[in-house]
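Here is the structure we will look at, set down as structure tokens.
The values are calculated or read from the model by the stated rules, or taken from the named source; none is laboratory data. Everything numeric here is computed off the predicted structure, so don't read it as measured data. Cβ placement follows ideal geometry from the backbone for every residue including glycine, while neighbour counts extend to all protein chains displayed. Accessible surface is based on the protein model in full, side chains and every heavy atom, while ligands, DNA and RNA are left aside. Shrake-Rupley method; radii C 1.70, N 1.55, O 1.52, S 1.80 Å.
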Amino acid sequence: MVISLKKVLISDEIDEKCVNILKKKGVEVVKNTKLSKEELIAEIPKYDGLIVRSATKVTADVISAASNLKIIGRAGTGVDNIDCNAATQRGIIVMNTPGGNTLSAAEHTCALIVTMSREIPNAAQSMKEGKWDRKKYMGNELNGKTLAIIGLGRIGKEVALRMQSFGMTTIGFDPIIGGDVSSEFDVEWMKLEELWPLADYITVHTPLIPQTKNLINDEVFSKCKKGVKVINCARGGIIDEEGLFRNLETGQCGGAGLDVFVQEPPTDFKLIKHPKVIATPHLGASTYEAQSRVAVEIAEQFLDLSEGLKLFGA
Ligand code: NAD
Ligand code: MLT
């Protein structure tokens, strides 16, 4: 398949390498990250390619206005902000760069686990306030603790490998990746019901789909050890936010590391302000290395398609 690619709109903050690679091959590129939805709908008919990160919502009405659009690229993993059904109905290709930010997201997850175990954000903040409170911030070793990983894909696997170096036992569940595969990276596969009572920490690395929405909820917390800690660096809503708050209040949940939220940016900061929560504003992929990789990958994938090359090195 060959796609004629003459004019591409980049509507979110994406590394300049993306612009340069496309321009070098004669593609006209317009970068405008300030478009309102109405402005995007008015502009989009001029383009045959659109590249976004997560801020632009490529909704059905944007797609129906995109009379010349042939391809939408997401410089990142999830395509939650693109109406893929509407695009498919119009014959528009949607592509992403799923591996480009894996290591950054995995490292961010590990950072949340490590800082949570020692209450580093609260302790650091107390020192900035001029305090020297050594008793208040007793932590726990990670060595010998059990980390349950829900979703054993790209990021789940990298988190497992890194946390094993802290002496954690890694167990996990994935409906597609079975025990034969997970044992290769030392994760003992088990059913969710078996895994909940064993976990000291639970980290989720699934897409947000109906089967994973509110996957960790009041009922699950009740099956876990008292004080279990949870981490969500995948998508807001995989951990039920209301249920999490309730379980933090009772101490059934001993802490949460959250990079993603049901509403982004959040309007209600009740959960985020809880003293047992470490929150970051969707920073999993926000490293220079990951942003450079996804920018290059999406530009190269666009060019491959315009040059009739098969995708994904096939
Ligand atoms: P991946 O596709 O490689 O892995 C996801 C895994 O989840 C798959 O193996 C799949 O089989 C599994 N899964 C699907 N349904 C499941 C279920 N019901 N229970 C358990 N497992 C299930 O994806 P990835 O690249 O590892 O990304 C994981 C998540 O992280 C995605 O939601 C992605 O959007 C998100 N992400 C977030 C950031 C960030 O900035 N915070 C960065 C990159 C990716
Ligand atoms: C992704 O899906 O790639 C991440 O959420 C990070 C991002 O939005 O860039």
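Take the convex hull of the alpha carbons in region 233-291; its mean projected area over all directions comes to 4.2 nm². Taken over the alpha carbons of the chain as equal point scatterers, the Debye sum produces base-10 log I(q)/I(0) values at 0.06, 0.14, 0.15, 0.16 Å⁻¹ of -0.24, -1.07, -1.16, -1.25. Counted over region 1-118 with a bin width of 5 Å, the fraction of Cα pairs per bin, in whole percents, is 2, 11, 20, 22, 18, 11, 6, 5, 3, 2, 0. The three principal axes of the C-alpha atoms in region 25-183 carry coordinate ranges of 62, 50, 30 Å, sorted with the longest axis first. Summary of the geometry: region 95-116 and region 232-274, compared by the centres of their Cα atoms, lie 18 Å apart. Computed with a 1.4 Å probe over protein heavy atoms only, the accessible surface of region 19-91 comes to 49 Å² per residue.
Altogether, the Stokes-Einstein calculation at 4 °C and 1.567 mPa s, with the Kirkwood radius of region 100-177 over Cα pairs as Rh, returns a diffusion coefficient of 93 µm²/s.
Based on C-alpha pairs under 8 angstrom that are at least 6 apart in sequence, region 166-314 has a relative contact order of 15 percent.
Taking every pair of Cα atoms in region 170-314, average 1/r, invert it to obtain the Kirkwood radius, and report Rg/Rh to two decimals. Working shown, then result.
Working: Rg = 18.3 Å, Rh = 17.3 Å.
Reported Rg/Rh, Kirkwood definition of Rh: 1.06.
Largest GNM mean-square fluctuation among LYS46, LYS131, LYS17, using the chain with Cα springs under 10 Å: LYS131. Nonpolar atom fraction for the chain, defined as the carbon and sulfur part of the 1.4 Å probe accessible area, stands at 54 percent. Eigenvalues of the alpha-carbon gyration tensor of region 49-93, scaled by 5 and square-rooted, set the equivalent ellipsoid semi-axes at 16, 10, 9 angstrom, largest first. Ranking of PHE269, PHE245, PHE302 by solvent-accessible surface, largest first: PHE269, PHE245, PHE302 (1.4 Å probe, protein heavy atoms only, all chains present). Each Lys and Arg adds +1 at its Cβ and each Asp and Glu adds -1 at its Cβ; summed about the Cα centre, region 1-104 shows a dipole of about 380 debye. The magnitude of the dipole of the chain, with charges of +1 and -1 set on the Cβ of Lys/Arg and Asp/Glu and taken from the Cα centre, is near 580 debye. Of the listed residues SER222, SER117, SER36, the order by accessible area with a 1.4 Å probe, largest first, is SER222, SER36, SER117.
In terms of accessible area, using a 1.4 Å probe and ignoring ligands and nucleic acids, GLU264, GLU188 rank largest first as GLU188, GLU264. Considering only VAL62, VAL52, VAL181, give the residue with the highest GNM mean-square fluctuation for the chain, with springs between Cα atoms whenever their separation is below 10 Å. Per the Cα network of the chain with a 10 Å cutoff, VAL181 tops the list. Between LYS31, LYS270, LYS157, the Gaussian network model of the chain with springs among Cα atoms under 10 angstrom shows the greatest mean-square fluctuation at LYS270.
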